[in-house]
Structure formats: structure tokens, C-alpha cells
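The values are calculated or read from the model by the stated rules, or taken from the named source; none is laboratory data. Here the structure is a predicted model, which is why all the values come from computation and not from measurement. Using ideal geometry, Cβ is built from the backbone for each residue, glycine included, and neighbour counts are taken over all protein chains shown.
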């Protein structure tokens, strides 16, 4: 029989090692208690310091008032402030109020620079994809303003008073311009190619194409990827540098849907090369009763060899005469109009494409159709030289030099070395890659600031002035600067160096 005391003693004995451990760790070492107390008190002191740090972050309203008026809507400014303040709360040190304001103003300025806005293109690249490709003629802008500001007959037949068809006038005139039985328009050339491929590969899947034409277009898009996106099966023939008509003939099996030829508009091949001409391919396609499609890309309508130092670029008219069933090309490159994918060729094929359900997803709106019909009418009226792209390509060196001298006379008092230089302009937009056009440049070397910083300052101006650096100088090519922009260039240079 256990006595109560024995039981208590037993339980006490069970806890003795723990008590002893506590004693030797803490009571026998008084500093350990101090350290624990100090640690605890430190944690307690962190909260006031953290609260004090957070209280140093200014309120959204105070920052809004200090920033003042902005070109951005107030909700956008507020959202940016809140995002920046959220980042500040994670920092160990809060900057001074003035520094926070400076950082916010810089962030707002950077955001403003991302808005689509006019720029001065001093790069010498006429069809600059990064700058929106072809600029519009004044008459084209007037037609856009008239249609955009009012209701219009986009799908209304003014003769019958009933619902009409979209782009009837444009498609008729495009057919005349291209020498085609019929035409239609979608939102860009890649969309045009996908629509064509989806239609012709609905049953048979193989698209026969030369390995030398598996090109990459702007933005990293590649022809093989476009083919795959359409559901087509790629059937490559020949080699990179040599493809014969026999290569095509051997590839035309029972699952062949069409022959696709892609014009090498953004590069050229020379040396030991071979490829069958369009007429030969067209004859093979007719013999095999297989559709033949050519993607022309740049869409030249005029004889480019008549322009300064340029080779011939195939036109839709001559390509269709060579026996191609359908051609597609861009509206905003050498044509000089808005972004669009133009398809021209046999009437039965165009009608079938327009019946495709996918066609509705690719169709153009009233503004694109208006801009394009005005551009086409320029050509049909014999006024294509008034389109900015062709006007820039035709301007003489003497005209450019006279403008350069006028600009230099207005900036000679600035702290920079300025002179007239020579440039080599390019067509751009994946067009005529071998064409090098003599041009005239403003060569600028600022004092006490790097050329790169000088270029950055001009890019942040209003309007942004964009040139290029070569030979340790900042250069502005006047071929791609409109004469009406010369005064803006002078003003920007004076602002940047005063």
C-alpha cells in the first residue's frame, strides 16, 4: 500500500530532472534571465518603431495634392501612388517626402511615355514597324474624321434602303487596282494567310512550301508557326538555297491542299541559289488541280525599280497574271495605307473565304475600311506620289540638304557641335532589304553630356525626337522627318541644351 506522501514524492521525483535543468540554466546563470528579458523587451520595442516607420509614409491624399495636376486621369494617378506606397511598406527605411514625390513624378512621366502619341522619326527607316509603319496623307485623315464623327453606311445600301454588304466599294476598287477578279480585306496579312490556310486545309492538310521560304516576320512570328496555328501540316521541299520544280512535283501527294509561295520581302539570298519562277509553279498547280497561293508581304503597287536605288518588288497585278490563284499582302507597308491584310484573286476563292465563320473574327472596322478605300482611290486617281511613304522615298538630296542648312542656322548658338552629314535610309517594314537610299542627316555632338544621355533626353520630350547614334554622334535623318516637323526639332534641341 502506497502512502499519499510516497505518491507525491514519486511524482516530485519524476519532475526533478526538469526542475534541476531549469535551475542550472536560468537561476544558476542570472544573465540568461536578463538576456531573455532583454530579448522580450526588444520585441516589444519593435512594434512602436515599426508603427513610427509606417506613420512616416505619407497618405495617398497628401501625395495627390503635392503632385498637382497631371495629364493622366486621377484614378490612374491614385492607383500608381497606392502601388508605390505598398512597395514602400516593405522597405526598411522610408525616404524623405520630397524624394517620394520625385519618384512618383518619374513613375508618372514613364507611364505617360507609354501612351500612343506622335513622334519625330529621325531614324531614316521609312516604314518603321515600331513607329506605326505608314503615316497617313492629310486627305486620308480628313476622310477618317468625317466618318468617325458621324453615322455611316458601313452595312447599309443607300440605293435599296436595306441592309448592305461591308466594304463593297473598297473591294470593287481593290480588284481594279490589283487586276483581280475579286478581293477582300481582313485586319492584317498574317490573318489573311491564316484564313486562306484554314479554308484550303479543311479536308486535305498538307501545305507544300520551299525550305528557303520558311521566314520569320516581325515580332518573332514565323511562317511555320502560322501554318501550324491554322491547322495545316507543313510539307517542306528542297533545301534552304535550292528548290527545284521537281521537288514540288514529288511532294504533291493525295493529301496536298495547296502550294504556298512566300516572297522573301525582308531578306535576300545570293550565290548558289535556285527556285522555280511563279509561272512554272502556276503551271504545275494547274496540272495537279491544286490551289496556288503567294504571300507577297510588302504589297508594292508602283514600280519600285523607278524609285531611287531600288530593285523590283513584285506587284499583286503581275503576280496574278503569272497564274497565282490568290495573293495576300499588307496595307500599311509599301501600299501606304492602314494596317490590313488584302486578299486578291479568283472570285470563287474569295467568295468561299468570305463564307468562312472565321472571317467575321478577322474583318476590319469602319475606320480601317475608310482609310484603305481612300488610299486605293489615291492610286486609281494617279495621286499615289502624295502618299507620305512614296513621297519620302522620292524626295531629293538637294531638298533634304536645304532643310538641314535651315535647321542648323537656328541652333548654332547651342552648346553642341552640329554639322550636315550623310545617311543611308532604308525602306523598312520587311520591304526591299537591299535598297540603300542616300540621305542627309543632322550630326550633333553635345558638350558636357554623353550622346546616349542626349538621345534619352530627346526621347522624353514632347514630341519625342528619335534618332540614332553612329560615329560617336547623334544623327537625325531628315528623309523620315516631315518638313512641318523641322520647327519641332529646333525647339526640342534648344530645350535639351539650354
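Listed conditions (1) surrounded by fewer than 20 Cβ atoms within 10 Å (Cβ to Cβ); (2) in contact with a helix residue (DSSP H, G or I) (Cβ under 9 Å, 6 or more places away or on another chain) are all met by residue 448, apart from (2). If only residues of the range 271-308 that are closer than 25 Å to residue 375 by Cα and part of a helix (DSSP H, G or I) are counted, the one that is modelled with the highest pLDDT is 304. Checking the stated criteria, residue 360 turns out not to satisfy the condition of being in a helix (DSSP H, G or I) and more than 28 Å from the chain's Cα centre (by Cα). Going through (1) under 21 Å from residue 253 (Cβ atoms); (2) in contact (Cβ under 8 Å) with a residue 40 or more places away in the chain one by one, residue 280 falls short only on (2).
Residues that are in contact with a strand residue (DSSP E or B) (Cβ under 7 Å, 6 or more places away or on another chain) and within 17 Å of residue 336 (Cα to Cα) within the range 176-188 comprise 178, 185, 186, 187, 188, listed in sequence order. I'm trying to understand the selection: among the residues of the range 129-142, which are crowded, with 22+ Cβ neighbours inside 10 Å and not in a loop (DSSP other than H, G, I, E, B)? The one that is crowded, with 22+ Cβ neighbours inside 10 Å and not in a loop (DSSP other than H, G, I, E, B): 140. Of the residues making up the range 147-164, those that are out of contact with any strand residue (DSSP E or B) (no Cβ under 7 Å at 6 or more places or on another chain) and loosely packed, with under 11 Cβ neighbours inside 10 Å are 149, 150, 151, 158, 159, 160, 161, 162. Hey, does the range 323-343 have a residue that's part of a helix (DSSP H, G or I) and surrounded by fewer than 24 Cβ atoms within 10 Å (Cβ to Cβ)? There is no residue in the range 323-343 that is part of a helix (DSSP H, G or I) and surrounded by fewer than 24 Cβ atoms within 10 Å (Cβ to Cβ). Within the range 283-293, not a single residue is over 30 Å from residue 250 (Cβ atoms) and in contact with a strand residue (DSSP E or B) (Cβ under 8 Å, 6 or more places away or on another chain). When restricted to residues that are more than 20 Å from residue 389 (Cα to Cα), surrounded by 13 or more Cβ atoms within 10 Å (Cβ to Cβ) and out of contact with any strand residue (DSSP E or B) (no Cβ under 7 Å at 6 or more places or on another chain), the range 407-445 contains 2. Residues of the range 412-419 include none that is over 24 Å from residue 339 (Cβ atoms), modelled with pLDDT under 95 and either part of a helix (DSSP H, G or I) or within 23 Å of the chain's Cα centre (by Cα) (or both).
Looking for whichever is at pLDDT 95 or above, farther than 30 Å from residue 244 by Cα and part of a strand (DSSP E or B) here; the options are 126, 147. Which one fits? Among 126, 147, only 126 is at pLDDT 95 or above, farther than 30 Å from residue 244 by Cα and part of a strand (DSSP E or B).
Every residue, every condition in (1) more than 21 Å from residue 306 (Cα to Cα); (2) assigned to a helix (DSSP H, G or I); (3) not assigned by TED's automatic domain parsing to the domain that holds residue 331, yes or no:
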{"site": "440", "(1), (2), (3)": "no, no, yes"}
{"site": "444", "(1), (2), (3)": "yes, no, yes"}
{"site": "461", "(1), (2), (3)": "yes, no, yes"}
{"site": "469", "(1), (2), (3)": "yes, no, yes"}
{"site": "486", "(1), (2), (3)": "yes, yes, yes"}
{"site": "490", "(1), (2), (3)": "yes, yes, yes"}
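Among the candidates 372, 362, 367, the residue that is in contact (Cβ under 8 Å) with a residue 40 or more places away in the chain, assigned by TED's automatic domain parsing to the domain that holds residue 298 and over 16 Å from residue 136 (Cβ atoms) is uniquely 362. The set of residues in the range 65-99 that are more than 16 Å from residue 112 (Cα to Cα) and either modelled with pLDDT of 95 or more or part of a helix (DSSP H, G or I) (or both) comprises 65, 66, 82, 83, 84, 85, 86, 87, 88, 97, 98, 99. Considering the range 309-322, and only residues there that are surrounded by fewer than 15 Cβ atoms within 10 Å (Cβ to Cβ) and within 18 Å of residue 426 (Cβ to Cβ), the residue that is modelled with the lowest pLDDT turns out to be 309. Scanning the range 386-396 for residues that are surrounded by fewer than 16 Cβ atoms within 10 Å (Cβ to Cβ) and either touching a residue at least 40 places away in the same chain (Cβ under 8 Å) or not assigned by TED's automatic domain parsing to the domain that holds residue 421 (or both) yields 386, 394.
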